[in-house]
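Below is one structure, written out as structure tokens; the observations come after it.
Just so it is clear, none of the values below were taken in a lab; they were calculated from the coordinates. Keep in mind that this is a model prediction, so the values were computed, not measured. Note that we place each Cβ from the backbone using ideal geometry, even for glycine, and neighbour counts take in every protein chain shown.
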Ligand code: PMT
């Protein structure tokens, strides 16, 4: 598999001669499976054209913090949330100084400040500028804040000087990016996540059942995102057409009762429990042994309540994991979601409005509002795989704070 498969990289290019390597760097990152969005500073455009970067990245290039068009589509906050990694290559002494001081006077520095993703910087400057104590102090501050330094390399410089300050070559930068992301993947290392997904099917007779429109896409995306962040994942799934994510411990079930039994037997070994499944609230009281024959004009099926899986997990008195529910609502989303958060004793609830077209059940995209007892976070409409990454990051940081 490609080392950067499905990774979202914001590549910031600043105004140094090494900016000419930008298109090549984009190509090599994409070869490794990454999705690349390029952000250029004003001075970078003197060294490399946005058009060539757009062509190689197959994405629009962003350059303006105050661009109304971009704010409607992928503005600075969206890009900051979208990123799994922000790489600044080349990073000039000026940009390094701004980043070290938390300045945000252009799109790139604003994204760097607004993102929860790791930051990697590839310095490129004259050797004297690199050795200047002010630059060294700025670099030390940035690394102390958690940024990773890629380089610089040593050798002959564009200005004729020889020494440290050259931007690393593209293959070295790509290796550095892979290393930063694989280290970061270990964000959830050692954690066990148990996730429910898909619908349940409640039999009526040997040939009929009651179910719903859940495709499993949202829950499987959460499982994939947790796996990619280094967690051990147990995915308990009702019937879907999806292939289980590679590396997950996969437990297929049919009914709510089976899901309940599996969830409770795995939850006590979990750090995090995420209930994304659309569980049938009721099951048929008396499942017929034989196919029910058509005799009457009308028929009644008597149903009984299923156990509430997520409420039972949240109610565990020993080994209770951090418990996250979903709420599928068609109206009064906040009111109903907050009601479930409280009634089911959950730590978080991710609410979706399933009455809107193009999101919710059986679509590739979704939008969520994540509620805790004291706050809310909006996750804008995007692909379920991207949304899952954002949700996993929120769950992880809330769970860490609670621990
Ligand atoms: O699968 P997709 O097609 O990708 O669609 C995704 C989704 C719409 C199914 C998903 O985003 C979602 O909203 N999942 C929860 C669906 C649901 O059943 O919501 P609810 O509001 O009825 O239930 C609230 C919570 O209680 C959920 O976490 C649910 O898993 C849980 N529950 C409900 C009943 C029950 N007996 N046991 C439960 O654990």
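Of all the options 382, 317, 268, the one that moves most in a Gaussian network model of the chain with Cα springs shorter than 10 angstrom is 317. Here the convex hull built on the C-alpha positions of the range 189-402 has a volume of 133 cubic angstrom per residue.
Between helix 217-228 and the chain there is an angle of about 50 degrees, using the helix long axis and the longest principal axis of the Cα atoms. Dividing the summed helix terms, -39500 (n - 2.57) for each DSSP H run of n ≥ 4, by the number of residues in the chain produces a 222 nm estimate of -10000 deg cm²/dmol to the nearest 500.
Placing dummy labels 7 Å off each Cα toward the beta-carbon, the span from residue 330 to residue 317 is 4.0 nm. What the Cβ-Cβ distance of residue 136 and residue 161 gives, at R0 = 25 Å and to the nearest 0.05, is a FRET efficiency of 0.90. For the chain, the calculated P(r), taken from all Cα-Cα distances in 10 Å bins from zero up to the bin holding the longest distance, is 5, 21, 26, 20, 14, 8, 4, 1, 0, 0 percent. Averaging 1/r over every pair of different alpha carbons in the range 8-185 and inverting the result gives a Kirkwood radius of 15.9 Å.
The C-alpha atoms of the chain define a longest principal axis, and helix 256-267 lies at about 50 degrees to it. Note on the range 259-323: the C-alpha convex hull projects to 5.8 nm² when averaged across all orientations. Each peptide among 36-44, 357-365, 54-62 gets the average number of other Cβ atoms lying within 10 Å of its residues, and from highest to lowest they stand as 36-44, 54-62, 357-365. Spherically averaged projected area of the convex hull of Cα atoms, the range 81-183: 6.4 nm². If I take R0 = 51 Å and measure r between the Cβ atoms of residue 145 and residue 285 in this structure, what FRET efficiency does the formula 1/(1 + (r/R0)^6) give, to the nearest 0.05? It comes to 0.25. Between the helical axis of 22-31 and the longest alpha-carbon principal axis of the chain there is an angle of about 30 degrees.
A simple spin-label model places the labels of residue 31 and residue 403 3.8 nm from each other, with each point 7 Å out along Cα-to-Cβ. Placing a pseudo-label 7 Å from each Cα along the Cα-to-Cβ vector at residue 58 and residue 128 gives an inter-label distance of 4.6 nm.
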